[in-house]
Structures are given as C-alpha cells and as structure tokens.
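Novice: Sharing a structure here in structure tokens format.
The values are calculated or read from the model by the stated rules, or taken from the named source; none is laboratory data. Every value quoted in this text rests on a predicted model; they were computed, and no experiment measured them. Glycine gets a Cβ as well: all are built from the backbone with ideal geometry, and neighbour counts include every protein chain shown.
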Amino acid sequence: MAAINRDDVAHLARLAHIEMSAQELDRMAGELAVIVDSVKSVSEAAGDDVPATSHPIPLTNVFREDVVGHTFSAEQALSGAPDSDDNRFKVPAILDEA
Amino acid sequence: MSTDTILSFEEAMEKYDPVLGFEVHVELNTKTKMFSSAPNVFGDEPNTNVNEVDLGMPGVLPVVNKTAIESSIKIGLALNCKIAEYCRFSRKQYFYPDTPKNFQTSQYDEPIAYDGYLDVELEDGTVFRVEIERAHMEEDAGKLTHMGGATGRIQGADFSLVDYNRAGVPLVEIVTKPIEGAGSRAPELAKAYVAAVREIVKNLGVSDAKMERGNVRCDANVSLRPHGRERFGIRSETKNVNSLRAVEHAVRYEIQRHAAVLDSGEPVIQETRHWHEDTRTTTSGRAKSDADDYRYFPEPDLVPVVASREWVEELRATLPEPPAERRKRLKADWGYSDLEFRDVVNAGVLDEIEETIAAGATASVARKWWMGEIVGRAKAADVDPGQLGVQPATIVELSKMVEAGKINNKMASQVLDGVLAGEGTPEEIVEKRGLAVVSDDGALLEAIDAALAAQPDVAEKIRGGKVQAIGAIVGGVMKATRGQADAGRVRELILEKLGVTA
C-alpha cells in the first residue's frame, strides 16, 4: 500500500488551490493510495529493458518553422475574460508573487 | 525605505567570503513564440500578439519553434556547454496570473545545454572563469501591471492588469555553478559576467540583448561564509536586477546586508529579494515555502528534442567569432595600447569605433572622437555612447575637414554639437555657425605681432631657443581670433617671424 497520508493530501490540495473539508481529506487519502498502487502495477509489467517514456508515440523533433501565423485582436483575446480594462485582463491583486 | 542594517563593504570582506550564482534569462529574437506562431514583438498594443496557445485555452497544442531550438543550441555552444543528445520539456506548475496555463513550459532535469564555462574579463584584464551549470529552454510569462496603491508595487495594489503579448516568448535561462573565489571583486565580477553573457547572445544574433527592454534579465544569488569555511552560507536571490550597474550594486548591497545579519548572530533567511534602483537597496520578497513545490513533470503535449551530432556541428560552424577573440584581433589591428584598448572596451564603444574605421577613419582618429568627444557627452546625457546617434560618416567628414585645415579640433567639436542638435550636416553647420579657420596669414600675423608685443619676455625665451615656451604666444593668438585660427599654422608663423627653427 502506497503511503499517502492525510497531510500529503492537504499539501496537494493547497498547491492545487482546492479547498477540501476534513472529511474529504480523509477519504481522498485512502483513495489516492489505491490509485497510486494501481498505477504502480504498470512497472511490474515493464522490465528493465523498457525505458520510461513521457509520450505514447515514439516521435521526436516535431518542429514548426519560425513563421508568423494568426493572432487574436485584443477584443477577441478578452472576449472570455471575467473582467478587463485598457485592453488588458483585469485580475485581483495577488500578493504571493511567483 | 529599507530598514536593513548593513556593514561597510570593506568590513564585510574582512570577515566573510562571498559565493555568487546567477540565473540569466535571455529572450530570443525569433519571429514567433516558443510554442505558438504568434509574433514575438516588443511594444505592440496589449494582447494583440496572442493566440489560443498563448492564452492557454483548453485543448490547444503547443508546437516547438525550430529556430528557437537552434538559437538555444548556439547559446549552449558559445558558453562551451555540452549539448544534450536527447532532452524534453517539463511543466512547472504554479498559479499566477502572468501564466494563463497555470504552468510554465520549461525544462527540468534535461536541459538542452549543460556543463560549460565562460571566461569573463574584469576591467583590469584579469580573466575569471565562471562555470555554467546549464542553459535550458522555457517560455516567458505575461506582463502584470499593478494598479492602485501608492507605489505602483504589488503591495497595496487594488488589482492588476495583464498583457499576454510576452507570454510564450522563447527564453533561455543560463544558470551558473556556485562562483567561489571572487572575494572583494564579486560585485565587479557580477557585472562583468552579465555583460559577457549579453555580449555573447548579441554577437550570436539570437537576442536583441537590450536589458532596458528585459531581453536579458538577471537573478543574483549571494551567500557569505566565514573565511576558510567550505560549506556555503544561506543565500538570498535578488530578482529584478535589470541593468549592468544594478547587478553590481545589488551584489554589493546583499554582501553588506548578509554580513550585518551574520554579525548579529542571526541566520540569513533564504528568500527572494527585490531590487530597487531608486534606493539601491533590496527588500524582502517572500521566503521559500512549499509554494515552491512546482511538481515538474514531462510535458505530455510535446515530444522529445533530439539534437544529432551532425546538427550540432552544423550549428557550431555558423557561430561568429567569439567576442573575446574579436577583441584580441581588433586590438592588434588598431594598434592601441593595453590601456587605450581597455578604456575603449569599458566605455562600450568597440562596435562604434569598428564602424567608424570601416567608414574610412583611421584607428587613432576614431578613438580620439569616441573617447575624447562622444563618451563625455553620453555620460552627461546619461545614455550609452551608441545611443547618442553619432553616425560614423559624420566623424569621417569632421576629421576630413580638420585634416584639410578647414576647421580646427575645437570647431569640429562645436560642429558635432550642432549635428547632435539636429542642425544639419557638418558642412551646413560650418556654414551656418560661421566656423572656419582663419588661414589668412595677414590677419594671423597681425594677431601674432600683438601677442609677441604683449609678452616680450616669452618672445625673448623663444628666440633664445626655448621653443616650448611658444604655447603662451599661440594661446594669445587663439584667444585673439576666438579660437578660429589654425594653431599649427600660427606656430609656424611665429617661428618664422622669430627666425627660429623648431
């Protein structure tokens, strides 16, 4: 059984900006452990001769030539924004700088 | 503003040994962005150089810009790095409005370039080797403007406005290994290192390299340890250090601040510091916390980049002459002394002098104009010499007029002022301002007679063979003609008059 405890879930929830109740944290700790174990079973199927991959298709070097394509107008870009000002997206002040 | 206690730099150096580290972000000057075909252009109307990829809309797929990869490999090669045969992009997760996807596409454990070095030349010619840990590819974030509040800073802001034109602009982040052994030259080395990186990427043609536009940005890590101790101290990372002068000042300030903290017996806090150009101090940003848990994982929407050795060698063959080697060649070609050449380099007019010589000036004339006339004017105007807008052709024209005896050096300097003030071509300004050397010997002889009569003792000395005393008489004539005489001709006439051969 993978060791995913309640604190791990609370930590992940905080990182992901997801608010979770105490009850949800308890339940998720159990569920996540099962999920991680299930995924882990894949490594039992793959032997040492199978390298880890991040992509299902064995492709490399898919490139685009450096040629300008289409853009949005500012109006289009902002059409889905909850709020805007001066052709820019307007967001609440966020103190925690990245 | 800052309430930090600091030690004097000298005292800090007596007690502690600084260790530096730099992360320099270089914006590539590709036509399009790293993962989208939107234009990579500075200064356009907000949110017009964006498309669905830059805005992180659901279901969109990034596609890597081939030119950006090639530029990154070139930077790696110019920094004497190894180029990864195989590398991937990774997602760096964080929530901040400058990154609409909620992750930045970057590279994590597989940078495209690694294990390099850069030999950095300090002002007195000392060469210091800076080891490069890695250079990796990533994308720039959007630009936030904090509104409301008194300072325009984030503290106290009511809201922020976001322009995503910069989001997705290709970046190469160059990370050094810890730099030890710089001692009291640490601030100078910091400046010289960033200058050297900027010079390299500009020389490669892969970046516009304008620090004032943020094309080259530096985060400076500083830590101190007592002399003789091997283990590093706790470091601070100063962000927003975006001019060469600021890099030097920020490193110096952080050394002084750390020293005072350590002296008080407190530990240095590992944190981000913000540089303030106005007060030349740093303020605390935020402490490193679990928010720095970026949960990198390989970007599933992009396939790996494989740089075949053939491709790398092809790119290597296109690299221009490295700046340091170019300097050696130019110094030999121009015949400048060590000191003359170093002054030219430090004044930042190497390109300008090269262009002026290419336009037809001799090496000594080009140096005389740039170092003697233009650098001083630039300093007074607080701009880089190259930004004054002096054209090489103007210098060539002015020096031809001086050689032809049409104007003297003093007038030529006035004509340059006129050119910079937009009064026209040198020819026109000479005409308009009535600047022309008085070469009518009659008028000169009259002034010479007067000057000799005014200083009979000097005239006697010259007759007696003390030719070096002639300056006083020449000076009198120049004064009488309001500087419009050809000093060389005046000298000849005086000697002739007094029957002395020089």
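Novice: Find the residue count for the range B:56-76, including only residues that are away from chain A (no Cβ under 12 Å) and farther than 28 Å from B:TYR96 by Cα.
Specialist: Qualifying residue count, the range B:56-76: 4.
Novice: Residue check, B:PHE128 against (1) touching a residue at least 24 places away in the same chain (Cβ under 8 Å); (2) among the aromatic types (Phe, Trp, Tyr); (3) not in a strand (DSSP E or B), all met but one. Which one?
Specialist: (3)
Novice: Among (1) farther than 20 Å from B:GLU173 by Cα; (2) surrounded by fewer than 17 Cβ atoms within 10 Å (Cβ to Cβ); (3) more than 29 Å from the chain's Cα centre (by Cα), which single condition is B:TYR86 missing?
Specialist: (1)
Novice: Let me ask something else. What's the number of the only condition in (1) within 14 Å of chain A (Cβ to nearest Cβ); (2) more than 28 Å from B:LEU79 (Cα to Cα) that B:PRO304 fails to meet?
Specialist: (2)
Novice: It is to be established whether one or more residues within the range B:270-284 are facing chain A (nearest Cβ under 10 Å) and either assigned to a loop (DSSP other than H, G, I, E, B) or among the polar types (S, T, N, Q) (or both).
Specialist: yes
Novice: Still on this model: With B:ALA472, B:ALA451, B:ALA436 as the choices, which residue is touching a residue at least 12 places away in the same chain (Cβ under 8 Å) and closer than 10 Å to B:VAL490 by Cβ? Don't jump to the end; show me each part of the working.
Specialist: Details: B:ALA472 fails: closer than 10 Å to B:VAL490 by Cβ; B:ALA436 fails: closer than 10 Å to B:VAL490 by Cβ.
Only one candidate passes the filter, namely B:ALA451.
Novice: Go through the range A:43-98 and give me each residue that's part of a loop (DSSP other than H, G, I, E, B), of a type in the set (D, E, K, R) and either at the interface with chain B (Cβ under 7 Å from one of its Cβ atoms) or touching a Cys at 6+ places or on another chain (Cβ under 7 Å) (or both).
Specialist: Result: A:GLU65, A:ASP66, A:ASP86, A:ASP96, A:GLU97.
Novice: Kindly provide the set of residues from the range B:206-217 that are among the hydrophobic types (A, V, I, L, M, F, W, C), touching a residue at least 60 places away in the same chain (Cβ under 8 Å) and out of contact with any His (no Cβ under 8 Å at 6 or more places or on another chain), ordered by number.
Specialist: Correct list: B:VAL206, B:ALA209.
Novice: Does the range B:107-125 hold any residues that are part of a strand (DSSP E or B), in contact (Cβ under 8 Å) with a residue 40 or more places away in the chain and more than 21 Å from the chain's Cα centre (by Cα), and which are they?
Specialist: Taking the range B:107-125 first, the residues part of a strand (DSSP E or B) are B:113-121.
Remaining after also requiring in contact (Cβ under 8 Å) with a residue 40 or more places away in the chain: B:113, B:116, B:118-121.
If the condition is that a residue be part of a strand (DSSP E or B), in contact (Cβ under 8 Å) with a residue 40 or more places away in the chain and more than 21 Å from the chain's Cα centre (by Cα), then B:ALA113, B:GLY116 are the ones that fit.
Novice: Quick check on the range B:294-311: of everything there that is among the charged types (D, E, K, R) and part of a helix (DSSP H, G or I), which residue is farthest from B:ASN102 (Cα to Cα)?
Specialist: Only one residue tops the list, namely B:GLU310.
Novice: Of all residues in the range B:87-105, count the ones that are in a strand (DSSP E or B) and touching a residue at least 40 places away in the same chain (Cβ under 8 Å).
Specialist: 6
Novice: Could you figure out which of (1) aliphatic (A, V, I, L, M); (2) out of contact with any Lys or Arg (no Cβ under 9 Å at 6 or more places or on another chain); (3) not in a loop (DSSP other than H, G, I, E, B) isn't true of B:VAL26?
Specialist: (2)
Novice: Still on this structure: Which of the residues spanning the range B:61-86 are outside any helix (DSSP H, G or I), of a type in the set (S, T, N, Q) and under 28 Å from B:LYS177 (Cβ atoms)?
Specialist: Matches in the range B:61-86: B:ASN80 only.
Novice: Restricting attention to the range B:246-269, which residues are touching a residue at least 40 places away in the same chain (Cβ under 8 Å) and not in a helix (DSSP H, G or I)?
Specialist: Residues satisfying the conditions are B:SER264, B:VAL268.
Novice: Any idea how many residues of the range B:412-438 are of a type in the set (Gly, Ala, Ser), at pLDDT below 85 and surrounded by 14 or more Cβ atoms within 10 Å (Cβ to Cβ)?
Specialist: Within the range B:412-438, the subset of a type in the set (Gly, Ala, Ser) is B:412-413, B:418, B:421-422, B:424, B:434, B:436.
In the following step, the residues that additionally are at pLDDT below 85 were identified as B:434, B:436.
Subset that is surrounded by 14 or more Cβ atoms within 10 Å (Cβ to Cβ): B:436.
Number satisfying all stated conditions: 1.
Novice: If only one of B:LEU262, B:LEU204 is farther than 30 Å from B:GLU325 by Cβ, surrounded by fewer than 24 Cβ atoms within 10 Å (Cβ to Cβ) and in the same structural domain as B:ASN80 (by TED's automatic domain parsing), which one is it?
Specialist: Among B:LEU262, B:LEU204, only B:LEU262 is farther than 30 Å from B:GLU325 by Cβ, surrounded by fewer than 24 Cβ atoms within 10 Å (Cβ to Cβ) and in the same structural domain as B:ASN80 (by TED's automatic domain parsing).
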